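Colleague: Quick one: this structure, given as structure tokens, is what I'll be asking you about.
Every number in this text was worked out from the coordinates using simple rules, so none of it is lab data. Note that the structure is predicted; figures quoted are calculated from it, not measured. When we count neighbours, we look across all protein chains shown, and the Cβ atoms used for this are built from the backbone with ideal geometry, even at glycine.
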Amino acid sequence: MIQADAGKGILHGISGVIAAHDGDIGSVSIIENTAQGARIFFEITTPNWDEMLMALRELPVVRSLNTVNSMERIYGKRIIIMGGGAQVGQVALGAIVEADRHNIRGEHISIDTIPLVGEQQLADAVRAVPRLSRAKALVLAGALMGGDIEKAVLEVRALGLLVISLNMAGSVPDAADLVVSDPVQAGVMAVMAVADTAKFNVARLTRRVF
């Protein structure tokens, strides 16, 4: 985590030092960028860790630098739940309880929810999920979804994202990897599908509607 001066070219200067020390940036987040300064979070792997940190601290634009645990280690894999508020809440209930069971055994799985209505709003949100770091599965929880949402589901599945749908009206269930009627069970199965501590594998299922 770097606290730096404000201004243009700050990210360029910092990333140049990282590259000069064979640093591979796994992710970068600009936490804050104001006239008073910037806070930037990097996840980096490098064989020259101590030398890289020393060089970064010597940059005139760097005010402070702290090493912290990665988001992968703290929050781990992310499951995204979106759709109608009532259904989202029930899916989250199952997902949170199941995630707790696996996290106690050493997993790191976090649950994100966003209640949304409207075809375009949901389609945009579905397409945005692959841009979220560590997102492994998407659960669509609603009563009616289709049209552009179906197209968005097919697009993100092609990128490797697991998509689970409630058994609802519309064409989205036909486009999803897995269809589950009970929202609580949908949350449970989403966690089981991404957990290394579970033996559940969607690809091995002989049927996809439950």
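Colleague: Note the angle between two axes, namely the Cα long axis of helix 183-194 and the longest principal axis of the Cα atoms of the chain, as a number of degrees from 0 to 90, rounded to the nearest 10.
Modeller: 50 degrees
Colleague: List nothing, just return the count: lysine pairs in the chain, 8 or more apart or interchain, with Cα separation under 23 Å. Each step should come with its number before you reach the end.
Modeller: Values: LYS77/LYS136; LYS77/LYS199; LYS136/LYS151; LYS136/LYS199.
So the count of such lysine pairs works out to 4.
Colleague: Now for a different question. Apply 1/(1 + (r/R0)^6) to the Cβ-Cβ distance of VAL209 and ARG131, taking R0 = 30 Å, and write down the FRET efficiency to the nearest 0.05.
Modeller: Working: r = 29 Å, r/R0 = 0.97.
The computed FRET efficiency comes out at 0.55.
Colleague: Another question, then. If I take every Cα pair under 8 Å that is 6 or more residues apart in the chain, average their sequence separation and divide by the length, what percent do I get for the relative contact order?
Modeller: Dividing the mean separation by the residue count of the chain yields 18 percent.
Colleague: Using alpha carbons only, how many angstrom separate the centre of region 81-110 from the centre of region 135-204?
Modeller: If we compute the Cα centre of each part, the gap is 14 Å.
Colleague: In addition: Using the Kirkwood radius over Cα pairs, work out the Stokes-Einstein diffusion coefficient for the chain at 4 °C and 1.567 mPa s, in µm²/s as a whole number. Please report the intermediate quantities before stating the final value.
Modeller: Values: Rh = 19.0 Å.
Roughly 68 µm²/s, to the nearest whole number.
Colleague: With axes computed from alpha carbons, what is the tilt in degrees of helix 10-20 against the longest principal axis of the chain, rounded to the nearest 10 within 0 to 90?
Modeller: 80 degrees
Colleague: If you don't mind, another one. Using Cβ counts within 10 Å as a stand-in for footprinting exposure, how do LYS199, LYS151, LYS136 rank, fewest first? Let's see the in-between values first.
Modeller: On the way: LYS199 7, LYS151 14, LYS136 20.
Placing the least packed residue first, the sequence is LYS199, LYS151, LYS136.
Colleague: Continuing with the same structure: Got a sec? Charge dipole of region 53-210, +1 on Cβ for Lys and Arg, -1 for Asp and Glu; which of VAL88, VAL163, LEU122 is way out at the positive end?
Modeller: Of the candidates, VAL163 comes out farthest on the positive side.
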